[in-house]
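For reference, the structure is listed below as structure tokens.
What follows is calculated from the coordinates using simple rules that are stated; it is not laboratory data. Since the structure is predicted, the reported quantities are computational estimates derived from the model, not experimental observations. For neighbour counting, all protein chains shown are included, and Cβ atoms are generated from backbone atoms with ideal geometry for every residue, glycine included.
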Amino acid sequence: MTKTLLVTGSSGLIGSEVVAYFDRQGWQVYGIDNNMRADFFGANGDTRWNQRRLESACRHFTHYEIDVRDRAAVRSCLDSLRPDLIVHTAAQPSHDLAASRPYDDFDVNAVGTLNLLEAARQFTPESVFVHMSTNKVYGDAPNELPLVEQETRWDYSRPEDFGGIREDMRIDRSKHSLFGASKVAADVMVQEYGRYFGMKTCALRGGCLTGPNHSGVELHGFLSYLVKVNVTSGLYRIFGYKGKQVRDNIHAHDVARFIERFYEQPRSGEVYNLGGGRENSVSILEAFDRIAHLSGKAMRYEYVDKNREGDHICYISDLSKMQAHYPGWGITRSLDAIFEEIHAAWRDRAGTV
């Protein structure tokens, strides 16, 4: 019998990768997306191009124009489809935007997640529910780890922190941004539906999720946006920390692969830090050098001597819990490969950005 998948935010980076990945596996795939990213970020955030790409390329994909805040529509959809797997990627993803649109941020991130969880509990409680959370649930607590300043990056100074941030990092008593707070609410609710109701749920606390199908903008999409600025000869703004802030980058393909593993061996109320790990970590300054080497164009940038509120100085995801629970999973796309794919994608799209 054909298995069914429902993906929210199906035209976004992770959503579209999950759609395409499971479509290739022969699943019947349904996507929910209303292009809210264009409302949040303007024309450069528009994802209709990605929706059209999926509708053209995928054999078993159906798009639904639904807003996750619309409780009645969400309930009707879950009642009708009763999918085997729900992958919830729809979100308002920006720190800065959340401060200017707090109701929209909380309604999408927290209330939208609750709408999906409760509809799943009512109509399809045996479904596996995977939620794309964020490392911002830790707020700026990771900045309390002792750091050392190197020539091109900040890094952890203690040997015990070398592997990165673990899931036992606290999520309260720190500055999150309103975005981080709304994602905490969603993250904890996903855990609770697993622990309290026994549903098969997990929250994936993503680092820098990336890939060639990202509509990167200044307020969200670090690596995609940085490459886009270089390809289009724009001006990149560095916000504080001398441009030495570090992020670990995971290709959307490896995210989809993990979701498949979790579906095959689900757990209840789990949380995992999901990133590229140390091997795929890069600072802004290091990223400038990498893209300049690929494109042959020096990066144009200016420095703003004020970091973003709640921003991480050095964030590397410790993947040991994921790999202990799912030893068949690991990173398959290197940092070099990620840069090459994103550069090629923006070069091809340069006439439309």
Quick note on ASP67, ASP39, ASP305, ordering by fewest other C-beta atoms within 10 Å, gives ASP305, ASP39, ASP67
Helix 48-57 versus the longest principal axis of the chain: what angle, 0 to 90°, nearest 10, using Cα atoms?
60 degrees
Where the only charges are on Cβ atoms (+1 Lys, Arg; -1 Asp, Glu), what is the dipole of the chain about its Cα centre, to the nearest 20 debye?
340 debye
Add +1 for every Lys or Arg and -1 for every Asp or Glu among the other residues with Cβ under 11 Å from the Cβ of ASN35, and state the total.
-3
Taking a ≥ b ≥ c as the square roots of the eigenvalues of the Cα gyration tensor of segment 1-81, is the shape rounded (a/c under 1.5), prolate (a/b larger than b/c) or oblate?
oblate
Using a Cα-Cα cut-off of under 16 Å, which aspartates and glutamates could be cross-linked to LYS175, ignoring same-chain neighbours fewer than 8 residues away?
ASP96, ASP140, GLU144, GLU309, ASP311
Contact order relative to length for the chain, counting C-alpha pairs under 8 Å separated by 6 or more residues, stands in percent at 18 percent
Sum of side-chain charges, ALA337 neighbourhood, beta-carbon under 14 Å (Lys, Arg +1; Asp, Glu -1)
-3
Which number do you get for Rg(Cα) / (2.2 N^0.38 Å) in segment 273-323?
1.46
Can you give me the C-alpha center-to-center distance between segment 96-141 and segment 223-290, rounded to a whole angstrom?
20 Å
Whole-angstrom gap from segment 1-51 to segment 291-328, using each part's C-alpha centre
24 Å
Taking the beta-carbon count within 10 Å as an exposure proxy, list TRP49, TRP154 from fewest neighbours to most.
TRP49, TRP154
Put in order of increasing Cβ neighbours within 10 Å, starting from the fewest, LYS183, LYS228 give LYS228, LYS183
Pulled fully out, how much extra length does the chain show between THR62 and GLU309, if you take 0.36 nm times their separation in residues and subtract their Cα-Cα distance?
85.0 nm
With unit charges on the beta carbon (Lys/Arg positive, Asp/Glu negative), name the residue among TYR241, VAL304, TRP329 whose Cα is farthest towards the positive pole of the charge dipole of segment 238-349.
VAL304
Excluding THR62 itself, calculate the net charge of residues whose Cβ lies under 12 Å from the Cβ of THR62, where each Lys or Arg counts +1 and each Asp or Glu counts -1.
-3
Under the Karplus relation with 6.51, -1.76 and 1.60 and θ = phi - 60°, whole-Hz ³J(HN,Hα) for segment 189-200, x at Gly and Pro, equal 5, 4, 4, 5, 5, x, 6, 7, 9, x, 6, 8
What does DSSP give for segment 4-352 in terms of the percent of beta bridges that are antiparallel, rounded to the nearest 5?
15 percent
Quick shape check on segment 198-353: root eigenvalues a ≥ b ≥ c of the Cα gyration tensor, a/c under 1.5 is rounded, otherwise prolate if a/b tops b/c, else oblate, and it reads prolate
Can you work out the Karplus-derived ³J(HN,Hα) for every residue in segment 129-135? Use 6.51 cos²θ - 1.76 cosθ + 1.60 with θ = phi - 60°, whole Hz, and x for glycine or proline.
10, 10, 10, 7, 8, 7, 5
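According to the Kirkwood expression over distinct Cα-Cα pairs, how big is the hydrodynamic radius of segment 36-111, in Å?
Working: mean 1/r = 0.0702 Å⁻¹.
Computed over Cα pairs of segment 36-111, the Kirkwood hydrodynamic radius comes out at 14.3 Å.
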